[in-house]
């Protein structure tokens with residue numbers, strides 16, 4: 001996981017040489033963005049989204065909170081004047097810089113670890129995530145963006161449906177070709193016995209226990225390791241040879257090269273003990289019988305950079321049904337989040353209510 005100081009409350013500011021920055025300073029919840037009307041005076045990412053038309057001053061949090069668009073506009077005007085830009089250009093610049101920070105973090109956990117983002121789907125959650133998701137996916141050339149229902153509370157949902165998990169580890173730095181097999185096998189056996197006893201105390205039935213072995217491996221003298229899966233049962237010399245071979249392959253995949261003649265050493269032995277819990281069944285939507293016209297709340301102008309101000313339909317996500325297709329540019333609002341669909345993209349609604357954003 002990588003944290004980024006570019007959330008909705010991140011403050012936009014200008015440094016001593018006149019360059020625009022976003023974050024890591026944040027307005028937090030108190031006083032929060034200027035548009036919250038709680039005393040904030042410095043423009044934030046949320047203020048920029050509001051000024052650009054991506055958020056609605058009247059429908060924020062399902063209408064429970066009315067945003068102060070004029071206050072946000074005044075704060076961003078000062079920023080724009082200092083930068084010599086028009087208001088919307090400055091607000092758009094704030095969003096672009098926030099997106100750039102998020103892109104750096106996304107590349108650090110994908111490209112820099114040997115994964116091509118184009119091979120994966122992008123699952124988005126958090127209240128502000130869907131405001132930026134389409135733009136981030138476009139930059140990374142991710143072909144499919146999945147936005148679950150109520151993304152603002154997805155983390156809370158994850159907490160109540162996640163499996164029970166315990167981690168066990170010990171450091172045993174030894175060359176793998178001469179490693180003490182008896183010690184390795186004894187360590188994994190001890191971990192597994194402790195794990196089963198702990199999961200039983202957690203109320204997990206034997207059939208719902210999953211024990212996963214891993215080993216942190218590196219070339220002798222390296223300062224970083226790669227984690228590799230380890231087979232179950234009593235390990236043999238052949239198993240260690242296969243782990244060495246797997247390490248070379250993984251090193252080449254992650255870093256682009258491997259030194260197959262160099263000695264390899266294990267550093268840590270690990271065990272993940274997982275207790276699988278019963279998962280709730282997710283609600284399925286009714287099949288749509290026509291276009292999503294009934295889900296349109298209103299129409300408003302939204303700023304999209306080179307495209308300028310574009311008239312966009314705004315949809316109530318609660319009224320969207322399985323099979324509906326929302327063509328961009330468009331805005332989809334729900335109680336805890338707002339989704340921006342860029343020009344040239346569209347969002348399909350699947351049976352579970354996920355919005356699937358695709359290039360049209």
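The values are calculated or read from the model by the stated rules, or taken from the named source; none is laboratory data. All values derive from a computational prediction rather than experimental measurement. A quick note on method: Cβ atoms are made from the backbone with ideal geometry, for glycine too, and the neighbour counts reach across all protein chains shown.
Within this structure, residue 66 passes the test of being over 15 Å from residue 128 (Cβ atoms), surrounded by fewer than 20 Cβ atoms within 10 Å (Cβ to Cβ) and in contact with a helix residue (DSSP H, G or I) (Cβ under 9 Å, 6 or more places away or on another chain).
Does residue 163 meet the test of being touching a strand residue (DSSP E or B) at 6+ places or on another chain (Cβ under 7 Å), over 26 Å from residue 251 (Cβ atoms) and either modelled with pLDDT under 95 or exposed (fewer than 14 other Cβ atoms within 10 Å of the Cβ) (or both)?
Values: touching a strand residue (DSSP E or B) at 6+ places or on another chain (Cβ under 7 Å): yes; over 26 Å from residue 251 (Cβ atoms): yes; either modelled with pLDDT under 95 or exposed (fewer than 14 other Cβ atoms within 10 Å of the Cβ) (or both): yes.
Considered against the rule, which asks whether it is touching a strand residue (DSSP E or B) at 6+ places or on another chain (Cβ under 7 Å), over 26 Å from residue 251 (Cβ atoms) and either modelled with pLDDT under 95 or exposed (fewer than 14 other Cβ atoms within 10 Å of the Cβ) (or both), residue 163 comes out as yes.
Screening region 202-230 for residues that are touching a residue at least 60 places away in the same chain (Cβ under 8 Å) and either assigned to a helix (DSSP H, G or I) or touching a helix residue (DSSP H, G or I) at 6+ places or on another chain (Cβ under 8 Å) (or both) and picking the one that is surrounded by the fewest Cβ atoms within 10 Å (Cβ to Cβ) gives 208. Among the conditions (1) surrounded by 16 or more Cβ atoms within 10 Å (Cβ to Cβ); (2) in a helix (DSSP H, G or I), residue 126 misses just one, which is (2). If you go through region 79-88 and keep only what is free of Cβ contacts under 8 Å to residues at least 12 places away in the same chain, loosely packed, with under 14 Cβ neighbours inside 10 Å and part of a helix (DSSP H, G or I), you end up with just 81. Test residue 170 against the stated conditions and say whether it is in the same structural domain as residue 331 (by TED's automatic domain parsing) and in contact (Cβ under 8 Å) with a residue 12 or more places away in the chain. Judged against the criteria, residue 170 is not a match.
Restricting 242, 265, 250 to those that are over 30 Å from residue 46 (Cα atoms), within 25 Å of the chain's Cα centre (by Cα) and surrounded by 13 or more Cβ atoms within 10 Å (Cβ to Cβ) reduces the list to 250. Only a single criterion out of (1) at pLDDT 95 or above; (2) surrounded by 14 or more Cβ atoms within 10 Å (Cβ to Cβ); (3) assigned to a loop (DSSP other than H, G, I, E, B) is not satisfied by residue 234, namely (2).
One residue stands out among those in region 138-152 that are under 12 Å from residue 339 (Cβ atoms) and in a helix (DSSP H, G or I): the one that is modelled with the lowest pLDDT, which is 152.
Total residues in region 268-294 satisfying the condition of being under 26 Å from the mean Cα position of the chain (by Cα) and surrounded by fewer than 11 Cβ atoms within 10 Å (Cβ to Cβ): the figure is 5.
Does residue 199 fit the bill of being at pLDDT 95 or above, over 25 Å from residue 109 (Cα atoms), assigned to a strand (DSSP E or B) and touching a strand residue (DSSP E or B) at 6+ places or on another chain (Cβ under 7 Å)? When the stated conditions are applied, residue 199 does not pass them. The one condition from (1) touching a helix residue (DSSP H, G or I) at 6+ places or on another chain (Cβ under 9 Å); (2) at negative phi that residue 150 does not meet is (2). When the residues of region 6-57 are filtered to those that are surrounded by fewer than 15 Cβ atoms within 10 Å (Cβ to Cβ) and within 23 Å of the chain's Cα centre (by Cα), the one that is modelled with the highest pLDDT is 24. In this structure, residue 98 does satisfy being in a helix (DSSP H, G or I) and either in contact with a strand residue (DSSP E or B) (Cβ under 9 Å, 6 or more places away or on another chain) or at positive phi (or both).
For residue 105, are the conditions met, namely being within 30 Å of residue 142 (Cα to Cα) and within 22 Å of the chain's Cα centre (by Cα)? Steps first, answer last, please.
Values: within 30 Å of residue 142 (Cα to Cα): yes; within 22 Å of the chain's Cα centre (by Cα): yes.
Yes: the conditions hold for residue 105.
Of the strands (runs of 3 or more DSSP E) lying entirely inside region 295-350, those carrying at least 3 residues that are assigned by TED's automatic domain parsing to the domain that holds residue 134, buried (at least 21 other Cβ atoms within 10 Å of the Cβ) and in contact with a helix residue (DSSP H, G or I) (Cβ under 6 Å, 6 or more places away or on another chain) are 337-341. The set of residues from region 241-283 being touching a residue at least 24 places away in the same chain (Cβ under 8 Å), within 30 Å of residue 203 (Cβ to Cβ) and in a loop (DSSP other than H, G, I, E, B) comprises 276, 277, 279, 280, 282, 283. For region 351-360, name all the residues that are in a loop (DSSP other than H, G, I, E, B) and crowded, with 18+ Cβ neighbours inside 10 Å. Passing the criteria: 353, 354.
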